[in-house]
Amino acid sequence: MPNSNLFEALYDSIGLSPHDLRNDPNIAHIEIHHNHVLGVHLVPGLQADAKETKDGIEAKIKVEKNAVIEKPIQICFGMMPETGLQQIVLDMEIEENARAGIFAYCTFPNARNIRHEMDAVLKIGAGAEYSYSERHVHGAGGGVIVAPKSKVHVLEKGRYSTDFELIRGRVGEIDIDVEVIGEAWSVSEVTARISGSGNDRIVIHETAHLVGEGARGVLNSHIALRDTARAEIYNTLTASAPYARGHVDCKEIVQDEAVAKAVPIVEVNHPKAHVTHEAAIGSVDSKQLETLLSRGITEDDAVDLIIQGLLSKPRSVAA
């Protein structure tokens, strides 16, 4: 399939028009299919260099010191075939006092046996702000394995947030591993929102180390499971500096024969630090269900509404 057709197919699979991006020169965007860079458009203050490898891409992205990228950078990763391997290696730096956000779409609409791996190293400079929203589109058969790993260092007064969301299709298998180090007065927030069904398998490791004075961090995992889907969630948050504050929030809804496991670990190594955690696993809340049924909503629709509420973006408690 020619590159122009792949470009169109990637965006069509996520319900966006590439023409809207091309018509706005103020939106930076990068498109990658398997190991081919289909398109790159940069804006002032943004640097990007990508090298094609056998099964993916090695990329370096930098937002320059004091630069403010007003509109979110759009990145689209994907594979249109039914089978294959995509490996993304990313080295990203947000320099001092810079500000930028990324909307990343990972799309595998026809997946039957696809593996997508990402190995990312991120440095958020002093006083910089960076947000990353990763939205996935998978096929109906769940034939994809997604294994993203990130190591993030947030320097003094830096702000970092990441949000993983499956917006369409079956999960397949997901193995997320995120580790964040937060320096003095930094703010870090890690969120995953996933609905699993069939025989989907979900494993999440979220870790934050609050090593600087006044550092704040939040780990959010909201998971809904149906059928025989399984999930294992490991949240680890440590605070080892004065006035460091952290919170772990893990909520899972299970239905049918689904199985959920949550392991929250909080560790405080300084008398002036404070960390809290909340973990809840169970079926759909009966009071919520009764309220919706009393309003004439069918049970299936009521359950869907409750799950949608669980998977909506949680209110930030890191601000």
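Charges at C-beta only: +1 for Lys and Arg, -1 for Asp and Glu. How large is the resulting dipole of the chain about its Cα centre, in Debye rounded to 20?
Details: 31 positive and 46 negative charges, 88 e Å.
The dipole magnitude comes to about 420 debye.
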Notebook entry, point to check: Build a GNM of the chain with springs between Cα atoms under 10 Å: which of H270, H29, H136 gets the top mean-square fluctuation?
Noted result: H270
Check: Among bridges DSSP assigns within the chain, what percent are antiparallel (round to 5)?
Finding: 10
Item checked: Whole-angstrom gap from the range 153-190 to the range 230-280, using each part's C-alpha centre -> 14
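Quote the FRET efficiency, to the nearest 0.05, computed for E70 versus V121 with a Förster distance R0 of 22 Å and r equal to the Cβ-Cβ distance.
0.30
When the chain is fully extended, how far beyond the present Cα-Cα distance does N5 get from E278, taking 0.36 nm per residue of separation?
Details: separation 273, 0.36 × 273 = 98.28 nm, distance 4.69 nm.
Residue separation times 0.36 nm, minus the Cα-Cα distance, leaves 93.6 nm.
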Next item on the list: Give me the orientation-averaged projected area of the Cα convex hull of the range 162-303, in nm², one decimal.
Entry: 9.0
Check: How far apart, in nm, are the 7 Å Cα→Cβ label points at H205 and L305?
Finding: 4.0
Next item on the list: Note the full-extension length gain between T83 and V259 as 0.36 nm times their separation in residues minus their Cα-Cα distance, in nm to one decimal.
Entry: 60.5 nm
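Multiply the residue gap between D55 and N23 by 0.36 nm, knock off their C-alpha separation, and tell me the result in nm, one decimal place.
Details: separation 32, 0.36 × 32 = 11.52 nm, distance 3.08 nm.
Full extension from D55 to N23 adds 8.4 nm.
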Margin query: Ignoring everything except DSSP H segments at least 4 long, calculate the 222 nm mean residue ellipticity for the chain; use -39,500 (n - 2.57) per segment, divide by total residues, nearest 500.
Written below: -3500 deg cm²/dmol
Item checked: Among I253, I181, I61, residue whose mean-square fluctuation peaks in a GNM of the chain (springs only between Cα atoms under 10 Å) -> I61
Check: Given labels modelled 7 Å from the Cα in the Cβ direction, how far is it in nm from H36 to E232?
Finding: 3.8
Check: For the chain, what are the per-bin percents of Cα-Cα distances with bins 10 Å wide, up to the bin holding the maximum?
Finding: 6, 26, 32, 25, 10, 1, 0
Margin query: Give me the percent relative contact order of the chain, please, defined on Cα pairs under 8 angstrom at least 6 residues apart.
Written below: 10
Check: Share of Cα-Cα pairs in the range 32-77 beyond 14 Å, in percent?
Finding: 52
Margin query: Tell me which of Y105, V63, A241 sits at the most positive position along the dipole axis of the chain, charges placed on C-beta atoms (Lys, Arg +1; Asp, Glu -1).
Written below: A241
Notebook entry, point to check: According to the square roots a ≥ b ≥ c of the eigenvalues of the Cα gyration tensor, what is the shape class of the range 232-296, taking rounded for a/c under 1.5, prolate for a/b larger than b/c otherwise, and oblate for the remainder?
Noted result: oblate
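Readers should treat all values here as calculations from the given coordinates under stated rules, not as data from a laboratory. Since we're looking at a predicted model, the values are computed, not measured. We place every Cβ from the backbone using ideal geometry, glycine too, and count neighbours over all the protein chains shown.
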